[in-house]
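For reference, the structure discussed in these notes is given below.
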Amino acid sequence: MDSERHLIERVAKKLPSRIGGGLRVGIGDDAAVMRPRKGSEWVLTTDAFLENVHFQLRLHPPEAVGYKALARATSDLAAMGARPRYFLLSLALPPSCTGKWFDRFLEGMSRAARGFGLVLAGGDTTKNPLAAINLTVIGEVPPGQAVLRSGARPGNLICVSGTLGEAELGLRLLQRGWGKFSAGPSSELRVNKWSPNPRKKWVRLLRKHFYPEPRLALGEWLAKNRRATAMIDTSDGLSTDLAHLCEASGVGARVWAHRIPRVAVPNEIRKLGLDPLRLALDGGEDYELLFTVPRRTARRLPRVVRGVPITVIGEITRGKHILLMDGAGRTKTLPAQGWDPFRVRM
């Protein structure tokens, strides 16, 4: 078991933590001191990443745990159109996770921090039987430019970035033992030799579950150009996150099932009974952006922004119901069946 002081030294050495810009006091004092840049507002979010709730030590490489913990929290900034600046990290770890596991964990988190433009401003460490990671991420946005969940209006079109269901498919495959993966020194996935399917395809299917990419550039572009009237990230799944957005805006929605960009399930694993549509609707942790745009400006919305494809999948309605319409025009209620930590999912 390492001392707390040594753990903090390793954190400061591995993660970007330089003083400068808006960070006046960082690691080493009782609290951080920050100063917002002129003409900006702070956007703050917090997120917990818990062993046996969000990840399992036997299934998830330490690099992926470190990367994903920060990516999850940072995705909330993307959903507001904010640019990431600083983060606070609180760790509760068992003794078994303070050696090589911890160094690999920090490698993954460092990769995420540098990729997202984040600087560590402080945090806390303690001992706990299970690993618990808590992050506070701070971003900046010009005054009044943050995109909220509450701005959707009847007639707005519903858009989504990327492809839905990829992270859920990866999780299902991992849980069923269809591919055992580890992370190499460069934090890139590789297939263990004893995997039943040692091919690059399986690495690709697991990548979004292990290493999600928050759509920061897209979110900032949408906010800067005032294209989105409301926005949320698909952390809990399309069906649940759309319900959150509609509730905040006091509206309903009609989703066109055939328009949803869904994950392609390889023929080899279709026998598992995984439905691409259900994965796209209810699978969480894709961290794509779900947003609404005025119908009159939708034609001018690019199909690809910052390398990320955008798809129109529905429209906002006056009624409070959320409906799913198939290709034949038949509609049914779309229940919110995505991730809910207080609901048991079988």
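The values are calculated or read from the model by the stated rules, or taken from the named source; none is laboratory data. These figures come from a predicted structure and were not determined experimentally. Quick reminder, even Gly has a Cβ in these numbers, built from the backbone with ideal geometry, and neighbours come from all protein chains shown. For accessibility, only protein heavy atoms count, side chains too; no ligands or nucleic acids. Shrake-Rupley method; radii C 1.70, N 1.55, O 1.52, S 1.80 Å.
What the phi angles of region 43-58 give under the Karplus curve with 6.51, -1.76 and 1.60, with θ = phi - 60°, is a coupling list of 10, 10, 8, 9, 8, 9, 10, 10, 4, 6, 10, 10, 7, 10, 4, 6 Hz, glycine and proline written as x. Relative to the current alpha-carbon distance between Ala31 and Leu323, full extension at 0.36 nm per residue lengthens the span by 100.3 nm. Remark: relative contact order (region 66-159) = 46 percent; criterion is Cα-Cα distance under 8 angstrom and separation of 6 or more residues. Taking the 1.4 Å solvent-accessible surface of the chain as the whole, the part contributed by carbon and sulfur is 50%.
Eigenvalues of the alpha-carbon gyration tensor of the chain, scaled by 5 and square-rooted, set the equivalent ellipsoid semi-axes at 34, 27, 16 angstrom, largest first. Beta bridges from DSSP with both residues in the chain: antiparallel share about 75 percent, rounded to the nearest 5. Note on Arg226 and His6: the extension gain reaches 74.6 nm, defined as 0.36 nm multiplied by sequence separation minus the Cα-Cα distance. Each label point was placed 7 Å from the Cα along the Cα-to-Cβ direction; for Gln56 and Val312 their separation is 4.3 nm. Oblate is the label for region 277-346, because a/c, from the alpha-carbon gyration tensor with a ≥ b ≥ c as root eigenvalues, is 1.5 or above and a/b does not exceed b/c. Judged by the mean number of other Cβ atoms found within 10 Å, the most tightly packed of the peptides 147-158, 22-33 leads the ranking 147-158, 22-33. For Val305, the residues whose modelled amide H falls within less than 5 Å of its own, excluding neighbours fewer than 5 places apart on the same chain, are Ile310. The distance separating the Cα centre of region 272-330 from that of region 33-109 comes to 28 Å.
Rounded to the nearest 0.05, what FRET efficiency do Lys13 and Ser96 give with R0 = 30 Å and r taken as the Cβ-Cβ distance? Could you check? That pair, Lys13 with Ser96, gives E of 0.90.
Close amide H pairs (under 5 Å, H built 1.01 Å from N) link Arg85 with Ile138, Gly139, Glu140, residues at least 5 positions away or on another chain. The protection proxy used here, the mean number of other Cβ atoms lying within 10 Å of each residue, ranks peptides 167-175, 8-16 as follows, highest first: 167-175, 8-16. Look at the alpha carbon pairs under 8 Å that are at least 6 residues apart: their mean separation over the length of the chain gives a relative contact order of 22 percent.
Derived scalar couplings between HN and Hα for region 9-22 equal 4, 5, 4, 5, 6, 7, 9, x, 8, 6, 7, x, x, x Hz in order, rounded to whole Hz, by the Karplus curve 6.51 cos²θ - 1.76 cosθ + 1.60 (θ = phi - 60°), x for Gly and Pro.
Measuring r between the beta carbons of Val304 and Lys127 and using R0 = 56 Å, the FRET efficiency lands at 0.75. For Lys224, the aspartates and glutamates whose Cα comes closer than 13 Å to its Cα, not counting residues fewer than 8 places off in the same chain, are Glu140.
Cross-link partners of Lys127 among aspartates and glutamates, defined as those whose alpha carbon lies under 18 angstrom from its own and excluding same-chain residues fewer than eight positions apart: Asp2, Glu4, Glu9, Glu51, Asp103. Protection proxy ranking for 111-117, 226-232, using the average of other Cβ atoms within 10 Å per residue and placing the highest first: 226-232, 111-117. Among rounded, prolate and oblate, which fits region 25-128 when a ≥ b ≥ c are the square roots of the eigenvalues of its C-alpha gyration tensor, a/c under 1.5 means rounded, and a/b larger than b/c means prolate? It comes out prolate by the Cα gyration axes.
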